[in-house]
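Bear in mind these aren't lab numbers, they're just calculated from the coordinates by the rules spelled out. Everything numeric here is computed off the predicted structure, so don't read it as measured data. Quick reminder, even Gly has a Cβ in these numbers, built from the backbone with ideal geometry, and neighbours come from all protein chains shown.
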Amino acid sequence: MAKLTYSARDILQKEFKTKVRGYDSIEVDEFLDNVIKDYEAYNQEILALKEENHRLVNKVDQLTQNQATLSRMKQEAPKTTAVTNFDILKRLSNLEKHVFGSKLDEEAQNSKISEHAKATLNSAAQRVFEENEDLDATKRF
């Protein structure tokens, strides 16, 4: 802002020299009083506009920071969510393999053992049956 030459007080306290053919001092005083009022009104308006400008600049800065933060959060959120979902699914899969895989392995092993046991029992029963038949045949002679 340009530096002002006169303040309202300078205009109010200004006294002009009087000459014989000079201006009417009452008319000059009234005019200067009106100039002072306008000058003060302009100063108040300038101060109000400076305050409003300062407030709006601060608000723009704050909104810019908020927008930057939100855009950063939006960029980071999908990456974090995708990694988190992938990690959760991977952990869940490993857990299922660990829990159910062991049970399935045990069941498969148990079924193999039970099949082997059945086969052994069947073979033993068959031998006993054959031996009983041989014994019966021996008794007949």
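Between Thr69 and Phe100, residue separation times 0.36 nm minus the direct Cα-Cα distance comes to 6.7 nm.
Quick one: grab the alpha carbon gyration tensor of region 1-102, order the square roots of its eigenvalues as a ≥ b ≥ c, and give me rounded if a/c is under 1.5, else prolate or oblate depending on whether a/b is larger than b/c. The shape class here is prolate. How would you classify region 1-52 from its alpha-carbon gyration tensor, with a ≥ b ≥ c the square roots of the eigenvalues: rounded for a/c under 1.5, else prolate if a/b is greater than b/c, otherwise oblate? The shape class here is prolate. For the peptides 37-50, 13-26, 59-72, residues were scored by their other Cβ atoms within 10 Å and the scores averaged per peptide; the highest-first order is 37-50, 59-72, 13-26.
Need the C-alpha centroid separation for region 86-131 versus region 1-39, integer Å. Using only Cα atoms to place each centre, the spacing works out to 112 Å. Between Ile46 and Ser114, the distance separating the two model label sites (each 7 Å from Cα on the Cα→Cβ line) works out to 10.0 nm.
What the phi angles of region 36-51 give under the Karplus curve with 6.51, -1.76 and 1.60, with θ = phi - 60°, is a coupling list of 4, 4, 4, 4, 5, 5, 5, 4, 5, 5, 4, 4, 5, 5, 5, 5 Hz, glycine and proline written as x.
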